[in-house]
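Report on one structure; see the data block that follows.
The values are calculated or read from the model by the stated rules, or taken from the named source; none is laboratory data. Keep in mind that what you see is a predicted model, and the values were worked out from it rather than measured. Every residue, glycine as well, gets a Cβ built from its backbone with ideal geometry; the counts of neighbours run over all protein chains shown. These accessible areas exclude ligands, DNA and RNA; they are computed on the full protein's heavy atoms, side chains included. Shrake-Rupley method; radii C 1.70, N 1.55, O 1.52, S 1.80 Å.
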Amino acid sequence: MEKIRKTNALQLYKEESSHQWEKREDLERDQLDKLKNLLEHGYKNVPYFRKVMEERGLSPDAITKLEDLAKFPLLNKELIKEHKEDLHSADMERYSPAEKRTGGSTGEPLRYYLPKVSHSMMWANIWRGWNVAGYTPGDKMAVLAGGSLLSGFDYKRQFYYYLNNWIPFSSYDMSQDKMKEYVEQLKSKNVQYMYAYSSAAYELANYIMENKLDVDLKAVITTSEVLLPRYRQAIEEAFQCKVYDQYGANDGGVTAFECKEQNGLHINMERCIVEIVDEEGNIVPDGEEGRILLTDLSNYAMPFIRYEVGDYGAVTKEPCPCGRGLIRLTHIKGRQQEFIFTSQYGKVHGGFFSTTFRRYDEVDQFQVIQEVAGSVTVRLKINDSSFKVRSEELRKHILEKAQLSEVAIEFTDAFEKTKGGKHKFVINKVSQEQ
């Protein structure tokens, strides 16, 4: 797999498995050196950041401590779309970048570029988190997820899963028959670990307990959504093992994982600086909740500096009893995806819509609202009015693939917001008790 995708994740995994035990102060010193190098590169090669620094009278030499990063403005998806070309490094091609897309927790698709070294560091850190549960690269892993982890089931993707030693389970289909098939595969293929969307693992856990099935795994690692306490309890009971949560935002360079203490998620300080700010953009005290900002120290192709990923959380620098020097996210809010219901109260994972709209550059933002099982209203903010002509094709795709009886599409700039003012891309108003 490493040879095919031209990554260096295994070597970095070994290095970072050692780095995690260094003192926090030493890890932060390394972060500062990397930050200075990134800012120097940005000033010389990235028009957007050169302009920002000149307007604010900043220079890479003026950064003497990590706290100085707060002198830079925030970067969000809207600014990235507006200044996309100016965010590209003049020497981008030397980093062998790949174009990536993210639906994101806010339902705003984003295209960006990621160099090979960032991709390698991502996998090194994911594996480091999995290793807490006993996993080593190459061990068999069931993956219960949607488009952000499993982007398809064609021949090419199946080969990719085979090389990773993954058993792919689609979270888009959580029918009784399909979950029965998943359980059978877990047992017949002697799977010991499962990597899954939190809500999908919860659904499968409930199926196992309701049918009084015996499934015994070494660990379940959850990701991409908020791991609610009831989710953790049900998953641990059903699979007879511990659950370890992970958080990741590859566009911002962060991967965080639970250790055996399960008191927060350790941040990959080797690649990412995480800041927490209030609604006005001011740094909040240690342990206080706020908006998460990410600086990817490895992305020289299209630098993301103080990037607002769209989530809320809190960070603590208090030492963890496990002995790792990596600081921790105490909690994360904002990534919980929901199911929508078919007419028969089958469930379709909300990630289906994120994956669907990721393919359309004309869609700036979306929101799916369900008030009756089997029926949804899809609200779209588009940047090209000609897309309306093709909307019937999109409507039929959702109708068929999500097994719904009715799909209505509305074009609007008005979306329902959470109490915190955040855009939620799936709003399910159907009673969960059905």
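Of the residues Ala133, Ala124, the single one that is small (Gly, Ala, Ser), within 16 Å of Lys3 (Cα to Cα) and modelled with pLDDT of 85 or more is Ala124. Determine whether segment 215-229 contains at least one residue that is at pLDDT below 90, acidic (Asp, Glu) and not in a helix (DSSP H, G or I). Among the residues of segment 215-229, at least one is at pLDDT below 90, acidic (Asp, Glu) and not in a helix (DSSP H, G or I), which makes the answer yes. Is it the case that Ser105 is crowded, with 20+ Cβ neighbours inside 10 Å and modelled with pLDDT of 95 or more? Taking the combined requirement at face value, the residue does not satisfy it.
Pairs meeting the criteria (first residue in segment 70-90 and closer than 20 Å to Gly310 by Cβ, second residue of a type in the set (S, T, N, Q), beta carbons under 8 Å, at least 6 apart or on different chains) are Lys77/Thr106.
For segment 1-10, which positions are in contact (Cβ under 8 Å) with a residue 24 or more places away in the chain and open to solvent by 70 Å² or more (accessible area, probe 1.4 Å)?
Within segment 1-10, the first condition is being in contact (Cβ under 8 Å) with a residue 24 or more places away in the chain, and the residues that meet it are 1, 4-10.
Across segment 1-10, the qualifying residues are Ile4, Lys6, Asn8, Leu10.
Screening Lys100 against (1) modelled with pLDDT of 95 or more; (2) in contact with a strand residue (DSSP E or B) (Cβ under 8 Å, 6 or more places away or on another chain) leaves a single unmet condition, (1). Is segment 242-260 home to any residue that is in a loop (DSSP other than H, G, I, E, B) and in contact with a helix residue (DSSP H, G or I) (Cβ under 7 Å, 6 or more places away or on another chain)? Yes.
The residues in segment 246-273 that are modelled with pLDDT of 95 or more and open to solvent by 20 Å² or more (accessible area, probe 1.4 Å) can be counted, and the count is 4. Does segment 146-155 contain at least one residue that is open to solvent by less than 60 Å² (accessible area, probe 1.4 Å), touching a residue at least 60 places away in the same chain (Cβ under 8 Å), assigned to a strand (DSSP E or B) and touching a Phe, Trp or Tyr at 6+ places or on another chain (Cβ under 8 Å)? No, the conditions are met nowhere in segment 146-155. Restricting attention to segment 12-24 and to residues that are touching a residue at least 12 places away in the same chain (Cβ under 8 Å) and in a helix (DSSP H, G or I), the residue that is nearest to Leu87 (Cα to Cα) turns out to be Leu12.
Filtered by the rule that a residue be in contact (Cβ under 8 Å) with a residue 60 or more places away in the chain and either among the basic types (Lys, Arg) or closer than 30 Å to Asp139 by Cβ (or both), segment 25-50 gives Leu27, Asp30, Lys34.
Val243 satisfies every condition listed in (1) out of contact with any Lys or Arg (no Cβ under 6 Å at 6 or more places or on another chain); (2) of a type in the set (A, V, I, L, M, F, W, C); (3) free of Cβ contacts under 8 Å to residues at least 60 places away in the same chain except (1).
Among the conditions (1) touching a strand residue (DSSP E or B) at 6+ places or on another chain (Cβ under 8 Å); (2) open to solvent by 10 Å² or more (accessible area, probe 1.4 Å), the only one that Leu204 does not satisfy is (2). Checked against (1) basic (Lys, Arg); (2) in contact with a strand residue (DSSP E or B) (Cβ under 6 Å, 6 or more places away or on another chain); (3) at pLDDT 95 or above, Lys51 passes all but condition (2).
For segment 390-434, residues that are modelled with pLDDT of 90 or more, closer than 20 Å to Ser199 by Cβ and of a type in the set (Val, Ile, Thr) total 1.
One residue stands out among those in segment 333-364 that are closer than 30 Å to Glu288 by Cβ and of a type in the set (Lys, Arg): the one that is modelled with the highest pLDDT, which is Lys333. Of the residues making up segment 74-90, those that are modelled with pLDDT of 95 or more, of a type outside the set (A, V, I, L, M, F, W, C) and open to solvent by less than 40 Å² (accessible area, probe 1.4 Å) number 2.
Every condition in (1) modelled with pLDDT of 95 or more; (2) under 23 Å from Ile340 (Cα atoms); (3) over 18 Å from the mean Cα position of the chain (by Cα) holds for Phe153 except the one numbered (1). Here is a check on your reading of the model: is Arg101 basic (Lys, Arg), touching a helix residue (DSSP H, G or I) at 6+ places or on another chain (Cβ under 6 Å) and closer than 22 Å to Phe425 by Cβ? Judged against the criteria, Arg101 is a match. Of all residues in segment 384-416, those satisfying the criterion of being assigned to a strand (DSSP E or B) and charged (D, E, K, R) are Glu406, Glu410. All of (1) within 30 Å of Ile80 (Cα to Cα); (2) assigned to a helix (DSSP H, G or I); (3) at pLDDT below 95 hold for Asn206 with one exception: (1). Of all the residues in segment 165-201, those that are more than 26 Å from the chain's Cα centre (by Cα) and surrounded by 18 or more Cβ atoms within 10 Å (Cβ to Cβ) number 0.
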